[in-house]
């Protein structure tokens, strides 16, 4: 098992946490799963999220593996080794926070801390049958996290239990306060391009939960995906400038960095204009609904064998990446894997109302399921 690439023993609390290796831990090098950073010096201080986790009484037990430079969706890593997906070994663990998710799925920690620039918490959580939260942009402090500058990236938790995830957020963020709200949960089920299995699974879960559900659309969703790709490409190229020509880079990351370097200033300007328009579109829909609901994954993830043979599938993040662009909080909940591969429901909430999003997730997760024993 290569979920954890370095064992730690920091803190004395009963709850265990693994930390993605793009996040600084004082006294340990941050290598981002890349041979290009093999000689990195130890970090001088804890990242803010590490300091808050320790102060809240969590015990840090390991540095978690990841897709190299956090720039990939499969979670494969030829240098550090690829974590096995414990619940779905035929499928990829998902990236880039593959180690954070697989360590939790394997029972090595209650919480895995990851980062999400284009789905990198929600995708591995969904692939491994877990809960994963991308908080509102800026909700959790990114000081001490690679890359140092990002207009998309968020630090957040992965957990096998929703209550563990909620407890972690409440522990590290004093402003995260769960409360009950009167009236039924108002859900907008988004019409999106996805395969039948994930669409049916989401519809079934919403029907079982019986919230007040309406069908809605985000007309700019597909354009937001393309815009988010342009932004992440430019920002990653800038953030990885020191290593992008290093011959030790993995072939897939080196190729993607070369392609990302072709992003033009005009494309970036268009992406920023689309960011503003899409953010306003999501905000308007959330004025009359508490959360938006849609599949986390539009189709089956790659099998591990296909990924190891060199296949890539960035479109697996088609329903994830747009909400990095807009900055809204988004949470993935596991669903029963009836199609032979992991299925998950994604909920999107109002910017800044991460606790309200988790409250909605709790209501949906607690609802009785069809066929469940009474």
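The values are calculated or read from the model by the stated rules, or taken from the named source; none is laboratory data. What you see is a predicted model; the values in this text were computed from it and never measured. For neighbour counting, all protein chains shown are included, and Cβ atoms are generated from backbone atoms with ideal geometry for every residue, glycine included.
Brief remarks follow.
- Boolean, residue 249 is in a loop (DSSP other than H, G, I, E, B) and surrounded by 14 or more Cβ atoms within 10 Å (Cβ to Cβ): yes
- Filter result for the condition that a residue is surrounded by fewer than 21 Cβ atoms within 10 Å (Cβ to Cβ), more than 22 Å from residue 85 (Cα to Cα), in contact with a helix residue (DSSP H, G or I) (Cβ under 8 Å, 6 or more places away or on another chain) and modelled with pLDDT of 95 or more, over 350, 284, 369: 350
- Members of segment 128-149 found to be surrounded by 24 or more Cβ atoms within 10 Å (Cβ to Cβ) and under 17 Å from residue 71 (Cα atoms), listed by number: 134, 145
- Positions within segment 150-168 being in contact with a strand residue (DSSP E or B) (Cβ under 8 Å, 6 or more places away or on another chain) and surrounded by 22 or more Cβ atoms within 10 Å (Cβ to Cβ), in sequence order: 153, 154, 155, 156, 157, 158, 159, 160, 165, 168
- Residue count for segment 287-305 under the criterion of being more than 20 Å from residue 216 (Cβ to Cβ), surrounded by 15 or more Cβ atoms within 10 Å (Cβ to Cβ) and over 22 Å from the mean Cα position of the chain (by Cα): the result is 0.
- Segment 142-167 residues that are farther than 18 Å from residue 25 by Cβ, paired with ones that are surrounded by fewer than 20 Cβ atoms within 10 Å (Cβ to Cβ) and at pLDDT below 95 (beta carbon under 6 Å, 6 or more apart): 162/365
- Residues of segment 26-69 that turn out to be assigned to a strand (DSSP E or B), within 28 Å of residue 256 (Cα to Cα) and touching a helix residue (DSSP H, G or I) at 6+ places or on another chain (Cβ under 7 Å), as a count: 1
- Condition check for residue 115: over 15 Å from residue 68 (Cα atoms) and either outside any loop (DSSP other than H, G, I, E, B) or at pLDDT 95 or above (or both): no
- Any hit, segment 183-197, residues being surrounded by 15 or more Cβ atoms within 10 Å (Cβ to Cβ), in a helix (DSSP H, G or I) and free of Cβ contacts under 8 Å to residues at least 60 places away in the same chain: no
- Figure legend. Inter-residue proximity from segment 347-366: first residues within 19 Å of residue 160 (Cβ to Cβ), second residues modelled with pLDDT of 95 or more and part of a loop (DSSP other than H, G, I, E, B), beta-carbon distance below 8 Å, spacing 6+ or different chains. Indicated pairs: 357/329; 357/349; 357/350.
- Some residue of segment 57-66 being touching a residue at least 60 places away in the same chain (Cβ under 8 Å) and surrounded by fewer than 24 Cβ atoms within 10 Å (Cβ to Cβ): yes
- The condition (being part of a helix (DSSP H, G or I) and either in contact with a helix residue (DSSP H, G or I) (Cβ under 9 Å, 6 or more places away or on another chain) or more than 16 Å from residue 37 (Cα to Cα) (or both)) is satisfied by just one residue among 242, 266: 266.
- Counted residues, segment 7-27 - those being under 24 Å from the mean Cα position of the chain (by Cα) and buried (at least 16 other Cβ atoms within 10 Å of the Cβ): 12
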